[in-house]
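See below for the structure under consideration.
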Amino acid sequence: MKAIRTFTVRPVLAESLAALDRLASNWRWSWSRSTHALFCSMDPELWEVVGQNPARMLGALGQSRLDALADDPTFVERVGEEDGRLQAYLAGDRWYQHLDGAKPRAIAYFSPEFGVDGSLPQYSGGLGILAGDHLKSASDLGVPLIGVGLFYRAGYFRQAIGDDGWQREDYPSLDPYGLGLTLLRGSDGAPVEIALDLFGGRRLSARVWVAQIGRIPLLLLDSETPSNSEELRRVTDRLYGGGGEHRLLQELLLGVGGVRAVRAWSTLTGTDAPDVFHTNEGHAGFQGLERMSELITRDRLDFDSALAQVRASTVFTTHTPVPAGIDRFPRSLIEATLVGGLFAGLDPVRALELGLEAYPGGDPNTFNMAVLGLHLGQHANGVSKLHGCVSREMFGHLWPSVDADEVPITSITNGVHAPTWVHPELKELSERAFGDALTTNHDWRDRERVDDAAIWQTRRRMKAGLVAEARRRLAAAEESAVAAPWIDDALDPDILTIGFARRVPTYKRLTLMLRDPERLTRILTDPQRPVQIVVAGKSHPADDSGKVLIQQLVRFSQDPRVRGRIVFLPDYDIGLAKHLYPGCDVWLNNPLRPLEACGTSGMKAALNGALNLSILDGWWDEWFDGRNGWAIPSADTAANDDERDDAEAAALYDLIENRLVPAYYDRAGDTPTGWLEMVRHTMTDLGAKATSDRMVRDYVTELYMPAARHDAELARDDHAPARDLAAFIARVRHAWTDVRVDSVDVDGATQHAKTGETLTVTARVRLGDLTPEDVTAELIHGHADSDGRLDRTRHVSELSPQAVSPDGLVTFVGSLRLTQTGPFGYTVRIVPRHAQLISPVELGLVALPG
Ligand SMILES: *Cc1c(COP(=O)(O)O)cnc(C)c1O
């Protein structure tokens, strides 16, 4: 019989162990090796049973064991030490406090998923892990962030693989109390309830769980409350469980409910209200509409001024170059929401327009959350340099007549939280070699401090750890009670090991390695120099094409010729990932370029001394340097997908056979010197930049600080500058159809131009109802290609307004100095001019000659 609800009865802790509660309810334990070890030491076997979670451990340990520990002076002393470390971590100044300049008071960070720890399965893949790492680094750096998400009662599914190779899904039932979360309560002690008035007269309520991530509170909204009907209680049942209205309700709760939860949090804790709002992907887009509604009802702003104010303070990060990865809703569903009274004071027609695909190639009956995100966020970014380029192309239609390279979407390359992802063995080596456990800011190339043997042995131990873990998991996954004998010999720590683990959307090409099964079999079973492959990955429950790929891989791995040389490990999650990355020599990634926005698993592998073997996509396109791994060439010019897969798979096999295998197995002494050279270089170079510390610092200086400054500037004098900006935008939009560049002339003969000469440029422009102060006349010049296109190195200078003729023709004049030889071009364009625009083309209004 299944209980309809479950909860955990908490033990009473003796005074001497009271700190254990504090330690268990701050998720810093998950990246503190010593706190982790403390809880494990209470009962190592039980620690595995409770899924390595301290709160669960305290619940499961039993009063008598706790009483015994309370009488153990050594243990009590360790508890005191760990508590002291935690308190020291939570107090005092960090990087952010020493940073100069106008800084945000607080940043609200919204994400549909958060991957903080394996025991809190509130993530499906990279997006969530990134959000978890973002919070952890913000904590380490002292950045005043508040995380906002949903609490999914069944989280994301756990994966099992049947004998037929087909994925099965199982949904755990989570008890937030038992995991170490606390319920947000009002000053009267009652749980805080957030309420949303929905269309159809329904009211959606939610409670708020607080997960303390170091210094950062993570607020998770949960629709499981007695105030809700049974139907509405299911809103936060699963992560990415449903579509249509279910998904919409989740996103309304995340965005609108999230803002309301942040308000409640700031009031109750007496902390600063956020002045910057960051949405990790588009799912939380409704947060912007909620804040507009606040400004309209509280500060009496009109729609456009509220929009300007919200845009100024919003950062939107896009994560996917795959249109199918973007949430889209039928227009009618959003219309019903907007007229239903959820957003007080907000004009439903105008609000709807902010998300409709009203551009060529779009569907005007579809409401697109990325479009909403870009309209509501003046500060937008992709997650690697290449993905920034792809995003500027992909969303260019929102900025008509603007060249793709000028579309105002920048990029900040993702990173990973080293203290979470670096293996304890490697931290120990770092401590021995450099005197501290930090692994990411040391020069691992220094042979005086750390010799080849030490690195090699550490890496071998990590690999042996993976082998043991893989056998354990393979045995546990067997459907029969007696594990098959081959499992005892599966994998070998002395064989070159390649890892591949991903979610399984088609573009990640889980099965590319199976393109030529015979060739792969030869590689795996080479008698002198074999290779082994460890694979893992979950397919979205609704995606049968992904399940077919998993099945193909599992079936291949069951072939007796290769069994134990290639294994598929079920249930890829943070727990498995922590064994996988450090345990592989090489991390493989073969997406269809450029569909991988960034990818972070390769970074986690690199910080553990693995070398990357990857298509030049996402972060690897940016940081591959020939010495940190290998690039699989992309066959972009192939005639079709099949040919492309053939060519790229062949290149992959070639690299393994001709480059990886010799580099790994050719040895003069005990260790492969050249290989270790690459490992040292990888750990030093990528250790400096592939971290989420670097990433969060970039977000702070490149996006959060400008957004806070912008927000403050517009909010002055009861939002007078916001109103002024809104009025300006309305005026130029209205007048723009009459803005034209009538003519551009240059004195002197350009056919005979020589370097050093200065030409005078005169542009005659019609501005309609605008004045010369409303616009900038830009002179753009530089190297021109054979089509006359100016490349990215072009220069921009301003022409100055001179006379206005009686018939309204404005003359702009400027000079053009020729400093370079070769094909040269110039043009003039008119763009709006306002101090609060972050880019001259932000409004998509550009007038060019002709
Ligand atoms: C890092 C990580 C991911 C994301 O890896 P990608 O390289 O971006 O695909 C997914 N799942 C888990 C469990 C991870 O740790």
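Where a number appears in this text, it was derived from the coordinates with a stated rule and is not lab data. Since the model is a prediction, treat every value here as computed from it, not as a measurement. Every residue, glycine among them, receives a Cβ derived from its backbone with ideal geometry; neighbour counts consider all protein chains shown.
Here are a few things to note about the model shown:
- Normalised convex hull volume, region 604-679, alpha-carbon set, Å³ per residue: 93
- Under a model in which nothing but the beta-carbon of Lys, Arg (+1) and Asp, Glu (-1) is charged, region 15-91 shows a dipole of about 380 debye around its Cα centre.
- Whole-number D in µm² s⁻¹ for region 385-485, Kirkwood Cα-pair radius fed into Stokes-Einstein, 25 °C, 0.890 mPa s: 135
- By the beta-carbon count within 10 Å of each Cβ, the least crowded to most crowded order of Trp630, Trp444, Trp619, fewest first, is Trp630, Trp444, Trp619.
- Sorting His375, His397, His98, His417 from the fewest to the most surrounding beta carbons within 10 angstrom yields His98, His397, His375, His417.
- Placing dummy labels 7 Å off each Cα toward the beta-carbon, the span from His752 to Arg85 is 8.0 nm.
- Dipole magnitude of the chain about its Cα centre (Cβ charges: Lys, Arg +1; Asp, Glu -1), debye to nearest 20: 700
- Where Rh is the Kirkwood radius over Cα pairs, Rg/Rh for the chain: 0.99
- Kirkwood estimate for region 739-850, i.e. one over the average of 1/r between Cα atoms, Å: 14.8
- Debye log10 I(q)/I(0) at q = 0.09, 0.11 Å⁻¹ for region 520-653, Cα point scatterers: -0.29, -0.44
- Cα centroid separation, region 218-277 to region 362-412 (Å): 27
- All-pairs alpha carbon distance profile, region 291-418, 5 Å steps from 0, percent: 2, 11, 17, 21, 20, 14, 9, 5, 1, 0
- ³J(HN,Hα) computed for each position of region 338-352 - Karplus, 6.51 cos²θ - 1.76 cosθ + 1.60, integer Hz, glycine/proline x: 6, 8, x, x, 5, 10, 4, x, 8, 5, x, 5, 5, 5, 4
- DSSP beta bridge pairing in region 270-389, given as percent antiparallel to the nearest 5: 35
- Two-decimal log10 I(q)/I(0) for region 680-728, as the Debye equation yields it once each C-alpha is a single scatterer, q = 0.16, 0.18 Å⁻¹: -0.59, -0.65
- Within straight-line reach of Lys463, meaning a Cα separation under 22 Å, sit the following lysines at least 8 residues removed in sequence or on another chain: Lys427, Lys578, Lys604.
- Site pair Ala712 and Arg65 shows an inter-label distance of 5.2 nm when each label is modelled 7 Å from Cα along Cα→Cβ.
- In terms of its Cα atoms, region 1-159 spans 54, 43, 21 Å along the principal axes, sorted from long to short.
- Model label zone, Gln820; criterion: amide N under 20 Å from point 7 Å along Cα-to-beta-carbon; scope region 776-791: 778-791
- The equivalent ellipsoid that matches the C-alpha gyration tensor of region 1-77 spans semi-axes of 21, 16, 12 angstrom, in descending order.
- Considering only the chain, percent of DSSP beta bridges that pair antiparallel, nearest 5: 55
- Karplus-derived 3J(HN,Hα), 6.51/-1.76/1.60, for each residue of region 116-122, Hz, glycine and proline x: 8, 7, x, 7, 10, x, 10
- Kirkwood-Stokes translational diffusion coefficient of region 451-687, alpha-carbon pairs, 4 °C, 1.567 mPa s, µm²/s: 72
- Selection from Ser41, Val744, Gly674 lying farthest towards where the dipole of the chain points positive, charges on Cβ: Ser41
- Rg in Å to one decimal, and Dmax rounded to a whole Å, for region 85-130 via C-alpha atoms: 15.0, 39
- The distance from the alpha carbon centre of region 305-322 to that of region 631-680 is 41 Å, rounded to a whole number.
- In Hz, Karplus ³J(HN,Hα) per residue of region 762-779 (6.51, -1.76, 1.60; θ = phi - 60°; x = Gly, Pro): 10, 10, 10, 10, 9, 10, x, 7, 8, 9, x, 6, 7, 9, 10, 9, 9, 9
- Mean projection area, nm², convex hull over Cα of region 98-185: 7.7
- Extending 7 Å from the Cα toward the beta-carbon at both Ser227 and Asp405 defines two label points whose distance is 5.3 nm.
- Rg(Cα)/(2.2 N^0.38 Å) for region 614-726, N = residue count: 1.78
- Length-normalised contact order of the chain in % [C-alpha pairs under 8 Å, at least 6 apart]: 11
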